[in-house]
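Shown next, in structure tokens, is the structure this report addresses.
The values are calculated or read from the model by the stated rules, or taken from the named source; none is laboratory data. From a predicted model like this one, the values you see are computed outputs, not experimental measurements. Reconstructed Cβ throughout: ideal geometry from the backbone, glycine too, with neighbour counts over all protein chains shown.
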Amino acid sequence: MSRRRDRRGLSDRLRDAYFASPVHAWRLSGPVPDGLAVAVADAWTGDSDLGRELLEGTYAVGGTAVQVGADPWDQSGYSDAAREALHRFEWLRDLRDLAGDAARRRARDLVGAWIERYPGWDRLAWRADLLAARVAAWVHTFGFFADSADDDFRRRVLESLTRQYRHLLRALEAGPPGVARLETLRGALIAAVALGADGEEIQGLADRLDAAIRAQILPDGGHRSRSPAMQTDALVALVDARAALRAAGRESTAALDETIQRMTGVLRMLRHGDGGLALFNGATEGQVWRLDTLIARAETKTRAVTSALEAGFERLVAGRAVAILDTGAPVADDDTAHAGTLSMEFSVGKERLVVNCGAAPGDPRWQGLLRASAAHSGLVIDDTNTTELRADGSLGRRPAQVRLERWEADGAVWVEAEHDGYRESHSVVHRRRLFLAAGGDDLRGEDVLSYTGGPGAKPQEAAIRFHLHPRVSASLIQNGASVLLRMPSGGGWRLRVTGGRLALNESVYFGEGGRLQRTRQIVIGVPLAELRALESISVKWALRREDRR
């Protein structure tokens, strides 16, 4: 969950020195199996189009294309994201799904070149999370690239696999925290089962996984990062770990099954009608087929949660409409979290209408901007984030309390939430009320700012933002009194406001694979100079379908 910064202390340097020593290299030696003891099946498909591009020398990562030359491991010109993705080897699935001798030879060449270049410890290539992903990828695609290879190649692959696994057992505690730890343990379990580790070793890894689950998964099934993307990745890790245990002839624990069930309910909650993810805390829409496959592999009929108190999300559903509201505060130690408390998204059927701006994980130029409150469909006072985002990525001032109430009656849903993220900076609390009518064609909101009577900067203006999906067109009408929105299907919606000034501004959208798209945003400007005298200021808005049926 935390970005890795260059803060290596003495213990880290000593550990690295040991990993680079002949003593550690000697401890990685030992018997090498003639083949995999267990064929651990890979339930995930690749992308044959990406495989074809890789065959032609281009690798797509983080929304950008990387030219993979004759020696792909000469990575001096690659971004950090590209280097890490290449070392994970998960792109082997793309070559596997492309199939054919050319793809198989390309896979062998890349694996063989990696083994030759990295026979022993390297700070990046042998980092625990990357190594775990790589050994899992080699196990899952072994039949594709190695089964028909000559004996010498197979021996080199199995020897490297074994050495990497032995190192991984000694480096588990040195790996990155958060979801990366779950993924590291998932890879270790897959390798352990495939290489024929004994039951005690496998059980030890399963116990570590249980401990990581207890540390990261909230009681309602949400991941502590509060990110739909991290929710997905964590659930993938647990589902794959369970499959590895089953491949070894072992039953998964009740705790693991129950965690998968609870996490699936929250994941369903965070999907829109198009099947993609809501854009909170660093998420992009994701791949619908992958999400569908994940939910099928979870093997649970758990429905979408509507209220996740610990995870901090509310889902309002009526007719074909879905509104998702962020009702949580960022996790204090998460330097990738977004300042999006009380932001919302809204979709109708398979069409998104109101969105957050998303994330650009492979582009540091945009990462900080997209974490800001202004990149979310919420309320911002004086261009000040609801949570302070420090220059080093860490969090400062943030909401200490988020209060929530919810009612449902006759198919309609009301949610009222309040946060105090502006108490320290402006002595203001923000309360947002949402109402979704039973037919799903009427979404109403009220944003209330209240002065607490304390010190702080005197607020001047608030901006209530509604970022629009790129395929939604918007026009100011009635002399700027309302905004007419047109969906790709032709459906129309109208936004009206009481207590603020409407404007249409430019915006950006990174929801589709982290790729920049231009779009528009509706901004309601709210003067606050008289807030302290008035004690509270309220803005009401209504988003209603124009073509009711």
Seminar exercise, completed: Residue set R320, R297; condition basic (K, R), under 20 Å from the mean Cα position of the chain (by Cα) and at pLDDT 95 or above; output residue R297
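Listed here are the residues, each with its yes/no results for (1) farther than 19 Å from M344 by Cα; (2) basic (K, R); (3) modelled with pLDDT under 95.
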{"position": "A229", "(1), (2), (3)": "no, no, no"}
{"position": "A234", "(1), (2), (3)": "yes, no, no"}
{"position": "L245", "(1), (2), (3)": "yes, no, no"}
{"position": "E251", "(1), (2), (3)": "yes, no, yes"}
{"position": "R262", "(1), (2), (3)": "yes, yes, no"}
{"position": "G265", "(1), (2), (3)": "yes, no, no"}
{"position": "H272", "(1), (2), (3)": "no, no, no"}
{"position": "G276", "(1), (2), (3)": "no, no, no"}
{"position": "L279", "(1), (2), (3)": "no, no, no"}
Seminar exercise, completed: Scanning segment 504-549 residue by residue, the ones that are over 19 Å from D382 (Cβ atoms), among the acidic types (D, E) and touching a residue at least 24 places away in the same chain (Cβ under 8 Å) total 3
Problem set entry | Residues within segment 245-274 that are polar (S, T, N, Q) and buried (at least 24 other Cβ atoms within 10 Å of the Cβ), tallied | 1
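Let's see how each residue does on (1) within 16 Å of T184 (Cβ to Cβ); (2) surrounded by 16 or more Cβ atoms within 10 Å (Cβ to Cβ); (3) of a type in the set (K, R):
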position: A211; (1), (2), (3): yes, no, no
position: H223; (1), (2), (3): yes, yes, no
position: D233; (1), (2), (3): yes, yes, no
position: G276; (1), (2), (3): no, yes, no
Exercise. From the list P176, P228, P219, which residue is buried (at least 19 other Cβ atoms within 10 Å of the Cβ) and not basic (K, R)?
Worked result: P228
For this session: Output yes when any residue across segment 157-164 is under 19 Å from A25 (Cα atoms) and under 24 Å from the mean Cα position of the chain (by Cα), and no when none is.
Result: no
Seminar exercise, completed: Of (1) over 18 Å from G511 (Cα atoms); (2) surrounded by fewer than 19 Cβ atoms within 10 Å (Cβ to Cβ), V288 satisfies every one except (1)
For this session: Scan (1) over 22 Å from R27 (Cβ atoms); (2) buried (at least 16 other Cβ atoms within 10 Å of the Cβ); (3) without any contact (Cβ under 8 Å) to a residue 60 or more places away in the chain; (4) among the hydroxyl-bearing types (S, T, Y) for the single condition T141 breaks and write down its number.
Result: (3)
Exercise. What pairs come up if the first residue lies in segment 15-35 and is of a type in the set (A, V, I, L, M), the second is part of a loop (DSSP other than H, G, I, E, B), and their beta carbons are under 7 Å apart, counting only those six or more places apart or on different chains?
Worked result: A20/W121; A25/G120
Exercise. Quick one: is A212 at pLDDT 95 or above, part of a helix (DSSP H, G or I) and over 16 Å from the mean Cα position of the chain (by Cα)?
Worked result: yes
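Table: residues versus (1) among the basic types (K, R); (2) within 22 Å of L434 (Cα to Cα).
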residue: R224; (1), (2): yes, no
residue: V236; (1), (2): no, no
residue: E258; (1), (2): no, no
residue: M263; (1), (2): no, no
residue: R268; (1), (2): yes, yes
residue: R271; (1), (2): yes, yes
residue: G275; (1), (2): no, no
residue: A283; (1), (2): no, no
residue: V288; (1), (2): no, no
Exercise. L169: surrounded by fewer than 18 Cβ atoms within 10 Å (Cβ to Cβ), part of a helix (DSSP H, G or I) and modelled with pLDDT of 95 or more, yes or no?
Worked result: yes
Seminar exercise, completed: Condition set in contact (Cβ under 8 Å) with a residue 60 or more places away in the chain and surrounded by fewer than 19 Cβ atoms within 10 Å (Cβ to Cβ), scope segment 451-471, selection nearest to the chain's Cα centre (by Cα): answer is R471
Seminar exercise, completed: Considering residues that are assigned to a loop (DSSP other than H, G, I, E, B), of a type outside the set (D, E, K, R) and in contact with a Gly (Cβ under 6 Å, 6 or more places away or on another chain), the number found within segment 389-445 is 5
For this session: List the number of the failed condition for G514; all other conditions in (1) more than 27 Å from the chain's Cα centre (by Cα); (2) outside any strand (DSSP E or B); (3) surrounded by 17 or more Cβ atoms within 10 Å (Cβ to Cβ) hold.
Result: (1)
For this session: Only one of these is closer than 30 Å to D326 by Cα and either in contact with a His (Cβ under 6 Å, 6 or more places away or on another chain) or in the same structural domain as L131 (by TED's automatic domain parsing) (or both): Q203, Q216, Q164. Name it.
Result: Q216
Exercise. Given V539, V508, V526, which one is buried (at least 16 other Cβ atoms within 10 Å of the Cβ), in contact with a helix residue (DSSP H, G or I) (Cβ under 9 Å, 6 or more places away or on another chain) and of a type outside the set (F, W, Y)?
Worked result: V508
For this session: Restricting attention to segment 286-332, report how many residues are free of Cβ contacts under 8 Å to residues at least 12 places away in the same chain and of a type in the set (K, R).
Result: 1
Problem set entry | So S489, is it crowded, with 19+ Cβ neighbours inside 10 Å, assigned by TED's automatic domain parsing to the domain that holds L379, among the polar types (S, T, N, Q) and under 35 Å from the mean Cα position of the chain (by Cα) | no
